[in-house]
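The structure under discussion appears below in the form of structure tokens.
The values are calculated or read from the model by the stated rules, or taken from the named source; none is laboratory data. The structure presented is a predicted model; accordingly, all values stated were derived computationally and were not measured. Backbone-built Cβ (ideal geometry, glycine too); neighbour counts: all protein chains shown.
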Amino acid sequence: MLETVELRKEFKGKTAVDDVSLYLNKGESVGLLGPNGAGKSTTISMISSLVKPTKGDVRLHGRSVIKQPQDIRKVLGVVPQEIALYEELSAYENLTFFGRLYKLKGAALESKIQETLEMVGLRERQKELIKTFSGGMKRRINIAAALLHDPEIVIMDEPTVGIDPQSRTHILDTVRLLNREKGTTVLYTSHYMEEVEQLCNRMYIMDHGRIIASGTHEELQRILSGEDTLLIQLNAPSQGLIQELQQLEPVRRAEETDNGLKLIVTKQSNILTAVVQAAERQRVQIINIHVHTPSLEDVFLHLTGRTLRD
Amino acid sequence: MLPFFKKDFLVYWRDRKEMAIALLTPIVIIMVLGFAMPNWVENPTGDLDLKVAVVTEDDAEDGLERFRNSLDALPLAPEETSSLAVSAERLLPSAMLMQLLESEEVRAFVSAIELDEEAAMRQLEDGDVSAIVTFPEGYTLSTLNKWLLNEGEGMAVALTAEQSSTEVDMLRNLLEGFMQTVNLQAAIGFASGGEAAASNSVGLIGPVGGRETIEGFEMVTSFQYYTLAIGVVFSLFVAMTTALKAATERKERVFHRIVLTGSHPIRYLSGKIGSTFCMALLQMTFIFIVCHFILDLFPARTVQFWLGLAMVALVFCFSVASLSAVFTSLAFRLEEATAGGVMTIILMMIGTVGGSFVPRFVLPQWIQLVGEWTPNGRALSAFLQWVQQGSPEVVAAPLLQLLAFSLAAIGASILLFPRRGRI
């Protein structure tokens, strides 16, 4: 339905997005993951026709939309990372304004406004000014404004950043409703791995402007299928222990956590004895060791060398 | 355009603090100016007090004697010689100028004292006098030769001042006016073949300061001037406010959301023009009406007068609205702080040269000319001409110029507005 072909964007000689190719099938929910500065927002801006790519193409149903942006704008709903609303207007007035720009009028406009307000759970508060809303409520109206024209594709750029748990749950429910019940195609970017795991069929992982991995949850986890993750709880932090463990052959990665350290090691390796001996040498006490199969967070860490929220 | 207009107007209207500032500040400024400087416009010389030292290097008696002697050498009839000698006695130039300086009108703002050169320079340096008027040696003979015989180039009095000031400029204008009038009268005298008419010159020097009433003209009062000028300049600030709100729309990505609806930037700009027009008109109407009721600004004026005033206001507010489109395009091209700075500089410059902060007559001539080409300068002229003359013919030209400015500004704003992908 929608695809990008070797998209590239350069700003003043610096490459922000480098040969990004991705696709969205009709009715799919696709995640776009990456740390800050990975190039996700620039990619979204190019897909939504706000920024012209330096190179590459964006195709809708196989037709390029670079030169005819109006083709994609008709079918696209974009939820920006910023609260792109008028603070001095009420939720209803904001939706009326954007609805009219989408050429909705009269009863059709009123019906769409009430429908989207119902969807984001703010119908009762529609007459209140946006500036009186909490961050989460603003984000919900931010989503509603992108849904007024019944878009076939919705792009959401980190829609749950900095909001209360209630609003977050509401937003995730809205995305599920859109995708599973209305059949809307969704491209969802987030810092929160668990959101993408819950909502998306497939995902792309971006870093330094490039897509470094893609696939379903299971396909991505298979990247680390030959490895285990050890979470070791210590009585005190120890850089010495981390350095010593990094020298061991089965250890792929060792890093400090809040209460100890995390090791990614080759599956089936007899590492536990070596870990206990190293802890004794470093005079730290092991309180607990937990061995588990790597998560998507671990895959991300393995691929990028940093966590999603770095 | 309607959704944009309604949205922009609501955004303005809901910002109650800014609305209150926009509506009340000009009223306060008009009151303060009006009560602090109540007669500045009606009588600009009223508060002036210029102390002038008069230095006479010339010996007038000797000059007169030498002029009489020179007549004997000329091939003139005895009656002519006698008549010129009498005229010379009556037209002693230094005496005439002193007579002018000591006249009641000029004494209202000039105090002249006669000193020798050394004392005058000392007092000038000490700041006891603001200027020195010097009759140079040979002034009487040279001037009489020019006036009565049309011989030589004449001689000018010298004006010395430590620094330029409004008072010194007025004195310079007064002396130049005196000399030009006397020279003109002398020239007319020669041309008519009769006795030089310079003897009537003192009486022909125009009034200096004070209220001058000309047939068919209404005098503009200070309060009227301040109301019109402040009303005009505060309307300009509405254009800047609109652009700064647009900069916020850009920063918070609301504009991107608008673009994604498929709306053309011209529709967006037209909303800015419409809402700015309404806000500027609302503000100006509020200022005029409130000041009228508080200060009895335009008493006993006809409905036709008010309609004319409204017409000038409508055309000017349209030019402010078009200026807001230019500022909006600038706000989309520059960083928000830079755009704000550029707009402030532009408004301060056109506000000053257009006579919105001080009456234009106190500004140098070239600035007055430049000011005529600013929208606020043109609008202020149109308002003043309408108040003074109430004639549609007189205000037609400035209104057409304002409309031309508006169309040019709208064209410029469209050209300046950044293309896709550059916002």
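Tabulated data for the structure shown
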read-out: B:GLY371 being of a type outside the set (A, V, I, L, M), on the phi > 0 side of the Ramachandran plot and out of contact with any strand residue (DSSP E or B) (no Cβ under 8 Å at 6 or more places or on another chain); value: no
read-out: Any hit, the range A:296-310, residues being part of a helix (DSSP H, G or I) and β-branched (Val, Ile, Thr); value: yes
read-out: Helices (runs of 4 or more DSSP H) contained in the range B:97-186 and holding at least 3 residues surrounded by 14 or more Cβ atoms within 10 Å (Cβ to Cβ) and charged (D, E, K, R); value: none
read-out: Residue match in the range A:148-170 (condition: surrounded by 20 or more Cβ atoms within 10 Å (Cβ to Cβ), among the aliphatic types (A, V, I, L, M) and assigned to a helix (DSSP H, G or I)); value: no
read-out: Residues located in the range B:51-96, provided they are over 36 Å from the mean Cα position of the chain (by Cα), surrounded by 14 or more Cβ atoms within 10 Å (Cβ to Cβ) and among the basic types (Lys, Arg); value: B:ARG66, B:ARG68
read-out: Matching residues in the range B:264-285 - criterion: being surrounded by fewer than 22 Cβ atoms within 10 Å (Cβ to Cβ) and more than 16 Å from B:ALA310 (Cβ to Cβ); value: B:HIS264, B:PRO265, B:ILE266, B:ARG267, B:SER270, B:GLY274
read-out: Only listed residue being surrounded by 24 or more Cβ atoms within 10 Å (Cβ to Cβ) and not polar (S, T, N, Q), chosen from B:VAL320, B:VAL353, B:VAL315, B:VAL342; value: B:VAL320
read-out: Tally, over the range B:256-286, of residues that are more than 18 Å from B:ALA321 (Cα to Cα) and either in contact (Cβ under 8 Å) with a residue 24 or more places away in the chain or within 9 Å of chain A (Cβ to nearest Cβ) (or both); value: 8
read-out: Matching residues, the range A:153-171, being among the charged types (D, E, K, R) and away from every other protein chain (no Cβ under 14 Å); value: A:ASP164, A:ARG168
read-out: Residue count for the range B:238-255, restricted to those that are in contact with an Asp or Glu (Cβ under 9 Å, 6 or more places away or on another chain) and either closer than 17 Å to A:ARG73 by Cα or within 10 Å of another protein chain (Cβ to nearest Cβ) (or both); value: 7
read-out: Any hit, the range B:396-416, residues being touching a helix residue (DSSP H, G or I) at 6+ places or on another chain (Cβ under 8 Å), in a loop (DSSP other than H, G, I, E, B) and touching a residue at least 40 places away in the same chain (Cβ under 8 Å); value: no
read-out: Residue selected from the range A:98-140 under the condition closer than 17 Å to A:LEU85 by Cα and small (Gly, Ala, Ser), by the criterion nearest to the other protein chains (Cβ to nearest Cβ); value: A:GLY99
read-out: Members of the range B:233-255 found to be farther than 20 Å from B:LEU334 by Cβ and either of a type in the set (Gly, Ala, Ser) or free of Cβ contacts under 8 Å to residues at least 60 places away in the same chain (or both), listed by number; value: B:SER235
read-out: Residue ranges of helices (runs of 4 or more DSSP H) in the range B:250-368 with at least 1 members modelled with pLDDT of 90 or more; value: B:265-295, B:303-333, B:336-353
read-out: Elements of type helices (runs of 4 or more DSSP H) in the range A:36-119, at least 2 residues being under 20 Å from the mean Cα position of the chain (by Cα) and closer than 21 Å to A:ASP18 by Cβ; value: A:40-47
read-out: Qualifying positions in the range A:83-133 - free of Cβ contacts under 8 Å to residues at least 12 places away in the same chain and crowded, with 18+ Cβ neighbours inside 10 Å; value: A:GLU93, A:PHE97, A:ARG100, A:LEU101
read-out: Helices (runs of 4 or more DSSP H) lying entirely in the range A:199-291 (those with 1 or more residues that are in contact (Cβ under 8 Å) with a residue 24 or more places away in the chain, in the same structural domain as A:THR169 (by TED's automatic domain parsing) and not aliphatic (A, V, I, L, M)); value: A:217-221
read-out: All positions within the range A:120-157 that are β-branched (Val, Ile, Thr) and over 19 Å from the mean Cα position of the chain (by Cα); value: A:VAL120, A:ILE130, A:THR132, A:ILE141
read-out: Residues of the range A:50-95 classified as in contact with a Lys or Arg (Cβ under 9 Å, 6 or more places away or on another chain) and within 11 Å of chain B (Cβ to nearest Cβ), total; value: 23
